[in-house]
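Scroll down for the structure; my scribbles are underneath it.
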Amino acid sequence: MTDLHLPLDRAAGRLAAQIAAGFRSAVRSGRLTAGTRLPSSRDLARDLDVSRGVVVAAYEQLTAEGFLVARRGDGTRIAPLARPDDGPAPLPRGAAPPSPEPRPEPVLPYDLWPGQPDLSAFPRERWIAAARSALRTLPHDVLTYPDPGGVPALRAELAGYLARVRAAHTDPGRVVIMNGVAHGLSALLRLLRADGHTVLAVEDPTSVRQVPMLEASGFRVVRVPVDGEGVDVDALAGTGARAVLVTPAHQYPTGVVLSPARRAELIAWARGVDGLILEDDYDAEFRYDREPVGCLQGVEPDRVVLLGSVSKSLAPALRLGWAVAPPAMAVRLREHRGNTDLGGPVLEQYALAEFLRGGGYDRHLRTMRRRYRSRRDALAEALNVHLPGATVHGVSAGIHLYVELPAGCDEDDVAARAGRAGVSVAGARPLWSPARAGHAPPALVLGYAGLTETRLVEAAELLGRAVTQGAEG
Ligand SMILES: Cc1ncc(COP(=O)(O)O)c(C=O)c1O
């Protein structure tokens, strides 16, 4: 029956199920609407060249599911309640749409929006191989509810990896698997609130995406300025906070690497106030010009919780991350997961464990480091040529640059002009606290992970024009 578009794959068998699936998808897509009368089972069987019993079975199945109604004398129709999927339900009036990704739509041809790796480089084949290998060898009983702190194989692999690559002080008992840094952070903040913490210090500027989550956790969030050496520890000491969230490996967004002196000061501060440092190991995988500095947690494991994820090294979509915490806190985090969400998806955890074990993760990072370094070089050089008045920060690591625009530039105006030329860029002002935003030099945060060198050079040229036109206009 061609006009109903019910394609059948005879070799695949289960023809009644195929017919039922074809009707469901026709209803979901809106191709068949409520009340539409269907051909009799005899007619449809003839058109599809199947036995009548096959169509009767499909109709019965769909009637049982509520997709069809059959009435004597009226034939079989699409049920009034069967609706096409018409996207997400409308939001209540006045409600803001959820905004996990403040990236503007549509994505422009030159996408320099920061915050994600080169998604086209996800190692699909090697990930499939790791997942297949895990699935083939795992006993059935691992498919039950997992250890809420993470499957032992992954905690062990991560403990080894983080000790080797980040100089972390780890053992599997300190590692708790979380659904990314954001999840680890929100769980930790719950525990800190229960311990009586009320003030959380956060760098200024900081990742704007995290601020609503930090504020929703019930803390008074105080912002502490960042200078050329990283977070200002004297200013931190004046806030009254005993917990601080920092990005020492590559400050987000300025790209400053916390200096040795500041690292020492920060640890002395934590000891002095009996406090806790939440170390977001942001961009630590991508250090280009020398060996990465080891994490703070390795220096002061009882006062630092290390938070990391595969969001930048593999893909944010995996939602896989970890917290490395002092043993007592690791136990509480694990209990927290047990009490709130019963743990994360197990097969992905085993796949990552296998990927780490087999060396796939190291190989992927080596490839990506080379690729990103070359892209960074291309963008930094092109900015030098096309935007000579700008100052580029944060080149030593990560997958974005912090570009201070020539004095007098209007960052919003430049971003809007760049957007009209097809270049998507993020202004830096929203990342500063309202108190400092007015004094911060105009700047852009440019993510370079997803564009080839040639396209980055083209984007820099367009950006240069947007700045020049802004100055002339
Ligand atoms: C500085 C910073 N840390 C952490 C995160 C969250 O990362 P994850 O995907 O691991 O939850 C973000 C996300 O935008 C971020 O900007």
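So here's what we get for this one:
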| read-out | value |
| --- | --- |
| Three-way shape call for the range 383-473 based on the alpha-carbon gyration tensor, with the a/c threshold at 1.5 | oblate |
| Alpha-carbon centroids, the range 332-391 and the range 404-473: separation in whole Å | 25 |
| Only Lys, Arg (+1) and Asp, Glu (-1) charged, at Cβ; the chain dipole about Cα centre in debye | 1540 |
| Residue order, fewest to most surrounding Cβ atoms within 10 angstrom, among His400, His183 | His183, His400 |
| The range 338-388: C-alpha gyration tensor shape, a/c 1.5 cut-off, then a/b vs b/c | oblate |
| Length-normalised contact order for the chain - Cα pairs under 8 Å, 6+ apart - percent | 18 |
| Nearest 10 degrees, 0 to 90: helix 152-166 Cα axis against the chain principal axis | 30 |
| Order by protection proxy (mean Cβ within 10 Å, highest first), peptides 353-359, 11-17 | 353-359, 11-17 |
| Most to least packed among 268-275, 307-314 [average Cβ atoms within 10 Å] | 307-314, 268-275 |
| Computed label-point distance, nm, for sites Ala216 and Ala163 using a 7 Å Cα→Cβ extension | 3.7 |
| Computed [θ] at 222 nm, deg cm²/dmol, the chain (DSSP H ≥ 4; -39,500 (n - 2.57); rounded to nearest 500) | -12500 deg cm²/dmol |
| Beta bridges by DSSP in the range 123-358, antiparallel share as percent, to the nearest 5 | 40 |
| Residue-span extension gain [Ala129 to Leu8] - 0.36 nm each, minus C-alpha spacing | 40.4 nm |
| Theoretical gain in end-to-end length, Ala34 to Asp234 [0.36 nm per residue, Cα-Cα removed] | 65.2 nm |
| Cα shape, the range 315-424, gyration tensor, a/c 1.5 rule | prolate |
| Zone of Arg290's modelled label, taken as backbone nitrogen in the range 231-257 under 19 Å from a point 7 Å along Cα→Cβ | 231, 248-251, 255-257 |
| Protection proxy ranking of 153-161, 47-55, 331-339 - average other beta-carbon atoms within 10 Å, highest first | 153-161, 331-339, 47-55 |
| Segment Ser25-Glu335, extension gain: residue separation times 0.36 nm, minus the distance between their alpha carbons | 107.4 nm |
| Percent RCO, i.e. relative contact order, over the range 167-315, from Cα pairs under 8 Å lying at least 6 residues apart | 25 |
| Modelled FRET efficiency - R0 22 Å, Asp74 with Arg52, Cβ distances, 0.05 increments | 0.70 |
| ³J(HN,Hα), Karplus 6.51/-1.76/1.60, whole Hz, each residue of the range 422-434, x for Gly, Pro | x, 10, 8, 10, 9, x, 8, 4, x, 7, 8, 5, x |
| Separation of the Arg366 and Ala317 label points, Cα + 7 Å toward Cβ, nm | 2.7 |
| For the chain, share of DSSP beta bridges that run antiparallel, in % to the nearest 5 | 60 |
| Relative contact order [Cα under 8 Å, 6+ residues apart], the range 143-190, whole percent | 35 |
| Leading residue at positive end of dipole, the range 118-239 (Cβ point charges), from Met178, Ala167, Ser133 | Ser133 |
| Label-point separation, Thr452 to Asp227 (7 Å along Cα→Cβ), nm | 4.5 |
| Cβ charges +1 (Lys, Arg) and -1 (Asp, Glu), total dipole of the range 2-78, debye | 140 |
| Principal-axis tilt of helix 181-194 within the chain, Cα atoms, nearest 10 degrees | 70 |
| Which of Pro7, Ala17, Ala70, positive extreme of dipole for the range 2-78 (C-beta unit charges) | Ala70 |
| Residues in the range 356-380 that a label on Ala121 would reach, taking backbone N under 11 Å of a point 7 Å out along Cα→Cβ | 364-376 |
| Stokes-Einstein translational diffusion, the range 123-358 - Kirkwood Rh over all Cα pairs, 1.567 mPa s, 4 °C, in µm²/s | 72 |
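Here, each number is a calculation from the coordinates, and none is a lab measurement. Just so we're clear, the structure is a prediction, and the values are computed from it rather than from any experiment. In this analysis, Cβ positions are derived from the backbone assuming ideal geometry, glycine residues included, and neighbour counts consider all displayed protein chains.
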